[in-house]
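Below is one structure; the comments refer to it alone.
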Amino acid sequence: MLDWLSDDQRALRDMAETFARKEVEPLANQIDIDEHTPDSLVTKAAELGLYGLYTPVEYGGSGADIVSVCLVCEELAKASPAFAGMLTVQIVLCPKTVELLGSEEQKQRILPKAATGEMLMAYSQSEPSGAANVASHLTRAVPDGNGWRLDGSKLFCTQGTAQTYLVMCKTRAHDGREGYGCLIVERSDEGFSVAPYEHKLGWRGTNTGPIAFDNVRIDPEDVLGDILTGGFSHRAANHANLLAHVSTSLGCAQGMFDKTLAYVKERRLYGRDMAELQPVSYWLAEAHAKIAACRALLYETARNFDDGTMDAAAGNVCKAYIGDTCFEVCAKLLQLWGGSGIMDSTGVNRYMRDAKAKNIAEGASEMHYAIIANQLFTGVASLVRPSAIVKDAA
Ligand SMILES: Cc1cc2nc3c(=O)[nH]c(=O)nc-3n(C[C@H](O)[C@H](O)[C@H](O)COP(=O)(O)OP(=O)(O)OC[C@H]3O[C@@H](n4cnc5c(N)ncnc54)[C@H](O)[C@@H]3O)c2cc1C
C-alpha cells in the first residue's frame, strides 16, 4: 500500500518512526498518567523541525505537503496519540489559518516563531451553545476607536498553555455590519484568562479547557482576514487539519493493533496459544482489514488535497468514517487484554480513550455526516450559511 509515496515522503515517515520509537514511546504512558507533555519532548520535536513541517519555506518551515504531515502524525500517534494530536493544532490548523488569512506583517510575525515551537498556538471556536453552531455563539468583538473590544468565553481550547490564540467570534465592523471573524489574542493581553487544567477521558497531555475575554483590546493588526468573514473563510486550513487529525486516529488504531498482536502472540490460555482461539485471530484480522481500509481512504484523500482535486466533503468523510472505525477497533482490541487492559500500567487503555476523544474533537461524526448529507442533497458541503451571520448594518 502507498507505493506511490515519493522518496522524500518515505524518508520523513522513517524519521518520524525513529523519533516516535526512541523519544515518544518511552514517555507515552507517563504523558497520559501525568496529563502533561514534558517540555523536553516539545523541544526535541521542535529541533527535529516537526513544528514547521507544513509551514512554507519562506516563513521558516519545510513546506511539506499534507500527505507528509499525515505520515509523520500517524507514526507519532502509534506511540502517543495525545502528543500527535497536540501537534496537529500547532503545525497545521493554526499556521495554515494565518497563511491563508494573514497579511504579510502577520505571517512574518507569527509563522517563523510557530515553526520553531517558540510560539505555541491554539485555535478557539467552540462555545457552550455547540461548537459548530456558530450562529448561536455569544463571544463578540465590537468597535472601539480604531480597533475592537472582545468579550465572552470559549470552551475546549486545546493547547490552553499556548502563547497565541486564534479566536473565531461574532464581529461588528465600524460601519455596523455583523459577521464572524478571526482574531489574534495573546496570552498576555489584559482581560484574557485561561481556566485551570480540566481533567479529561482521553487526549491528555495538553490542556483543553475554557478561555475567557473580558474587554480585551483588539488592534487592527490583530484581525486575520476580513473582520466579517475571517472566521469561516479559511476552509482549506480546516480541511487540512481534519486530515492531519484523522491521521492521528489512524496511528492510534495501528498502535493499539501492534501492541495487541504482540500480546496475543505471547499470551497462553488454557494451556495453548491465545491466537489459536478462533475469535481472537478473527478479531485481529478484522482490525487489520479496517485499519488498511482507513489508511487507503486517508492517503488517497490527502493526495487529492495536495493536488487540488479533493472533493468538498472528502475531509468530512475521512473524519467521520476513520474516526468512528478507529475507535471501534481500539475498543474491540482492548477486550483481548482482559483485566490487564483495564490497568493503566499496561499502557493500552489510553488508545481507546484517545480514540474516543479524537472521535469528538474536530467535530463529532454526526456533524460531519450532516455536512456530507447536505452535500448529497443540496450540493453544498457545509452546515454554516455565512448569509445567516454576515449582515448589513441595521
Ligand atoms: C479533546 C478535545 C479537544 C478539543 N479541542 C478544541 C479546540 O482546540 N478548539 C475548539 O474550538 N474546540 C475544540 N474541541 C471542541 C470540539 O470541536 C467539540 O466538542 C465538537 O465539535 C462537538 O461539539 P460540542 O461539544 O459542542 O457538542 P454538541 O454540538 O453539543 O453536540 C453533541 C452531540 O450532538 C450530535 N450532533 C452535533 N451536531 C450534530 C448535527 N449537525 N447533526 C446530528 N447530530 C449532531 C453529536 O452526537 C454530538 O456529539 C475539542 C473537543 C475535545 C473533546
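The values are calculated or read from the model by the stated rules, or taken from the named source; none is laboratory data. What you see is a predicted model; the values in this text were computed from it and never measured. Note that we place each Cβ from the backbone using ideal geometry, even for glycine, and neighbour counts take in every protein chain shown. Surface areas here come from the heavy atoms of the whole protein model, side chains and all, with no ligands, DNA or RNA. Shrake-Rupley method; radii C 1.70, N 1.55, O 1.52, S 1.80 Å.
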Relative contact order computed over segment 122-224 (Cα-Cα under 8 Å; 6+ residues apart), in percent: 32 percent
Full-extension gain in nm, residue 335 to residue 14, via 0.36 nm per residue minus C-alpha separation: 112.5 nm
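Could you calculate the FRET efficiency of residue 135 with residue 293 from 1/(1 + (r/R0)^6), where r is the beta carbon distance between them and R0 is 30 Å, rounded to 0.05? If you can, show how the numbers build up before the last one.
Details: r = 36 Å, r/R0 = 1.19.
With a Förster radius of 30 Å, E is 0.25.
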Carbon/sulfur fraction of accessible area - the chain, other protein chains in place, 1.4 Å, %: 54 percent
Hull-based mean projected area of the chain, where the convex hull spans the alpha carbons, in square nanometres: 19.8 nm²
Test item: Cα-centred dipole of the chain, Lys/Arg +1 and Asp/Glu -1 on Cβ, debye: 980 debye
Selection from 110, 234, 378 lying farthest towards where the dipole of the chain points positive, charges on Cβ: 378
Which listed pairs, of 96/259; 259/332; 107/319; 200/319; 22/259; 107/358, have C-alpha distances above 25 Å, in listed order: 96/259; 107/319; 107/358
For the chain, calculated [θ]222 nm from helices alone, where every DSSP H run of n ≥ 4 adds -39500 (n - 2.57): -15500 deg cm²/dmol
Where GluC sites (Glu not before Pro) fall in DSSP loop in segment 42-86, at most 13 other Cβ within 10 Å: none
Accessible area (Å², per residue) of the chain, counting only protein heavy atoms and a probe of 1.4 Å: 42 Å²
Spacing of the two label points (7 Å from each Cα toward its C-beta) at residue 2 and residue 393, in nm: 5.4 nm
Electrostatic dipole magnitude of segment 7-119 [Cβ: Lys, Arg +1; Asp, Glu -1; Cα centre; debye, to 20]: 80 debye
Sites residue 118 and residue 285 - FRET efficiency at Förster radius 51 Å, r taken between beta-carbons, to 0.05: 0.65
Contour minus Cα-Cα distance for residue 309 and residue 345 (0.36 nm per residue): 8.5 nm
Cβ-defined net charge surrounding residue 107, 10 Å radius [Lys, Arg +1; Asp, Glu -1]: -3
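Go through segment 155-249 and name the GluC sites (Glu not before Pro) that are in a DSSP coil and have 16 or fewer other Cβ atoms within 10 Å of their Cβ. Write down the numbers at each step before the final one.
Details: sites: 178, 186, 190, 198, 221; in loops: 190, 198.
Here the sparse-neighbourhood loop sites are 190, 198.
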For segment 333-366 versus segment 46-91, the gap between their alpha-carbon centres in whole angstrom: 23 Å
DSSP loop chymotrypsin sites (Phe, Trp or Tyr not before Pro) with at most 13 other Cβ within 10 Å excluded, longest remaining stretch of the chain: 5-269
Residues residue 382 and residue 278, FRET efficiency given R0 of 56 Å [Cβ-Cβ distance, rounded to 0.05]: 0.75
Positive-pole candidate from 145, 59, 30, dipole of the chain, charges at beta carbon: 30
Net charge of neighbours whose Cβ lies under 9 Å from the Cβ of residue 246, counting Lys and Arg as +1 and Asp and Glu as -1: +1
Gain on full stretching of the segment that runs from residue 266 to residue 35 - 0.36 nm per residue minus C-alpha separation: 80.1 nm
